[in-house]
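The structure appears right after this line, and notes come after that.
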Amino acid sequence: MSGNAETNVRIAPCALEALSRIMVRRGTSRDETVRQLLTEHVAWQEQEHPEDRLTHISTVLRYPRPPRWRGDPRTDVPLRIRAPADLLERARAVCLRLPGQHPRAYRDYQGRMLTDAVTTAIARDEPFDDDFLTGLLPLLRHGAALGL
């Protein structure tokens, strides 16, 4: 068993608001809520065929977009994650990876595996949207997302 790890992801503000609602409903801290959501999400995803695993439309569309130029304001928000290292590794392993994506790729095409896992885990428990996401199917099967 590996030790605890600490990392950050950047998510849409509406996802952070949904996480806050989950925290209130569960009566747990942010760290504990994220750990619980990821644990539940990973267990569910690992049981599914890879094409039937879920992803959130915001990570497929890379929303919110990173700033175009240095110094431009960010529209996403940071979320610190403190969880067992093996859970984070398993979460990355079951998330959507588009062809050619790699964590060290050009910044516009970097794989955001942990962001995908966290965002999808939040959305499975508490659906969310904003002006950009309204009207879009929030959760997609990996097979369908690859077809976009």
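The values are calculated or read from the model by the stated rules, or taken from the named source; none is laboratory data. Small disclaimer: the values here were computed from a predicted structure and weren't measured. As a convention, Cβ positions derive from the backbone with ideal geometry for all residues, glycine included, and neighbour counts pool all protein chains shown. Keep in mind that these areas ignore ligands, DNA and RNA; they rest on the heavy atoms of the full protein, side chains included. Shrake-Rupley method; radii C 1.70, N 1.55, O 1.52, S 1.80 Å.
Here the 3J(HN,Hα) profile of the range 58-65, calculated from phi with Karplus coefficients 6.51, -1.76 and 1.60 at θ = phi - 60°, is 5, 7, 5, 8, 6, 10, x, 5 Hz, Gly and Pro shown as x. Applying 0.36 nm per residue to the separation of S29 and T134 and subtracting their alpha-carbon distance, the gain on full extension is 35.0 nm. What residue among G71, G27, G135 shows peak mean-square fluctuation when the chain is described by a Gaussian network model with Cα springs under 10 Å? Comparing G71, G27, G135 in a Gaussian network model of the chain, the most mobile one is G71.
Which residue fluctuates most in the GNM of the chain (Cα springs below 10 Å): D52, D116, D72? Of D52, D116, D72, the most mobile in the Gaussian network model is D72.
Rolling a 1.4 angstrom probe over the range 13-148 with all protein chains present gives an accessible area of which 52% lies on carbon and sulfur atoms. The relative contact order of the chain comes to 40 percent, based on Cα pairs under 8 Å that sit 6 or more residues apart. A 1.4 Å probe run over the chain, with the rest of the protein chains in place, finds 56 Å² accessible per residue.
Amide H contacts of A5: A83, A85, each under 5 Å away and 5 or more positions distant or on a separate chain (H built 1.01 Å from N in the peptide plane; Pro and chain starts excluded).
Amide H contacts for I11 (H built 1.01 Å from N in the peptide plane; partners 5 or more residues away or on another chain; cut-off under 5 Å): V77, L79. For the pair Q36 and R65, label points projected 7 Å from Cα toward Cβ lie 3.7 nm apart.
The range 65-100: which trypsin sites (Lys or Arg not before Pro) are DSSP loop and have at most 14 other beta-carbon atoms within 10 angstrom? Those that pass, being in a loop and sparsely packed, are R68, R70, R74. Here the spin labels are modelled as points 7 Å beyond Cα on the Cα-Cβ line, and at T7 and R21 they lie 2.7 nm apart. Using the Cα gyration tensor of the range 1-58, with a ≥ b ≥ c the square roots of its eigenvalues, what is the shape: rounded (a/c below 1.5), prolate (a/b larger than b/c) or oblate (neither)? Because a/c hits 1.5 or more and a/b fails to exceed b/c, the range 1-58 counts as oblate.
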